[in-house]
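Encoded as structure tokens, the structure appears first; notes follow it.
The values are calculated or read from the model by the stated rules, or taken from the named source; none is laboratory data. Small disclaimer: the values here were computed from a predicted structure and weren't measured. Ideal geometry is used to build each Cβ from the backbone, glycine not excepted, and the neighbour counts take in all protein chains shown.
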């Protein structure tokens, strides 16, 4: 991560990453398919965490609420303590088209997994897909704000505001749509 | 498209595509960067159509409604007459991971362009991004249903149902959330 920041992603070689980390190249490739994967190694664990959280959410929760609760738990338990890492990673990804594409694909994969988790809660389609996709959109918007604006708000707080905004926006201008708590 | 269906995307060469279309390879590459682009050549025109439709939507329309109106126009004016093409294209894309990724990226690019169009209507963020992303999610779900289920419903009808479902799902179980019209 330091290397990517110092020299740019394109100009950093696997040999340099391995050296900085005190590994041989062979060990590096035992853990990562390529140098891009270093930036995405947490994606699998995050997905497992979120899927378990959606499945374990209290049964009466509506689909979008189950997604919101899971993302809120990830924000508090996983991301909040790693803000500096998240900011550095985001800057590297934003500067490289190929990495932006990989990030998109990981998020889409995550949405598919969350829709699956909702189906296991008995949610039917298209509700399951729509709730998962809309939830991921709310998360992405919140995450970008958290990374871009170094304020005092926690990711959880920004995330809740983003879900409120999503509910308002998709309320389609209905006057009865109100922010909740 | 015929060739992709007959032999599979991976086994079709640019030389074969050019021959079938009565073109030289050189002419082919003047129009398309690579053989994948043949499947996405309409994406630019679609984006222009949708951006113009969002910008031209009646001013009082809420952000998500402006997106819905634009997608509805595209469904009726662009897609409805091309259902067979859409089905064949979808089958080819579904069978190839690289094409699925490119499709995702094109849809994400489209969402960014629609958020931009909303901002030009005076919509602020995060509403603009959320409305665009949620709208694209509703469109994707509807499009897949239209392609997968050869029924009598038009894409416009399925799309409207998908937006209704989106509003319900993001209503978060509020009892006052009701289908509209």
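Taking the stretch B:56-73 as the range and being loosely packed, with under 15 Cβ neighbours inside 10 Å and more than 11 Å from chain A (Cβ to nearest Cβ) as the test, the residues that pass are B:56, B:58, B:59.
Would you check if residue A:55 is part of a helix (DSSP H, G or I), more than 12 Å from the chain's Cα centre (by Cα) and modelled with pLDDT of 95 or more? Before you say what the answer is, go through the steps one by one.
Details: part of a helix (DSSP H, G or I): yes; more than 12 Å from the chain's Cα centre (by Cα): yes; modelled with pLDDT of 95 or more: yes.
So residue A:55 fits the description; yes.
Go through B:99, B:166, B:159, B:114 for me and flag whichever is buried (at least 17 other Cβ atoms within 10 Å of the Cβ) and over 16 Å from residue B:68 (Cα atoms). The conditions single out B:99.
Can you pull out every residue in the stretch A:128-141 that is more than 7 Å from every other protein chain (Cβ to nearest Cβ) and under 10 Å from the mean Cα position of the chain (by Cα)? Within the stretch A:128-141, A:136, A:139, A:140 qualify. In the stretch B:114-127, the qualifying residues are those that are part of a helix (DSSP H, G or I) and more than 21 Å from residue B:76 (Cα to Cα), and the one that is nearest to the other protein chains (Cβ to nearest Cβ) is B:127. For the condition closer than 22 Å to residue A:143 by Cα, surrounded by 14 or more Cβ atoms within 10 Å (Cβ to Cβ) and touching a residue at least 12 places away in the same chain (Cβ under 8 Å), residue A:3 does not qualify. Restricting attention to the stretch A:142-156, the residues that are surrounded by fewer than 17 Cβ atoms within 10 Å (Cβ to Cβ) and either within 10 Å of another protein chain (Cβ to nearest Cβ) or assigned to a helix (DSSP H, G or I) (or both) add up to 1. Contact annotation: residue pairs with Cβ atoms under 7 Å, 6 or more positions apart or on different chains, pairing a residue in the stretch A:8-19 that is over 20 Å from residue A:97 (Cβ atoms) with a partner that is modelled with pLDDT of 75 or more and in a loop (DSSP other than H, G, I, E, B), are A:18/A:24.
Scanning the stretch A:33-52 for residues that are outside any helix (DSSP H, G or I) and within 19 Å of residue A:86 (Cβ to Cβ) yields A:41, A:42.
Taking residue B:111, is it closer than 23 Å to residue A:97 by Cα, within 13 Å of another protein chain (Cβ to nearest Cβ), part of a helix (DSSP H, G or I) and under 16 Å from the mean Cα position of the chain (by Cα)? Yes, satisfied.
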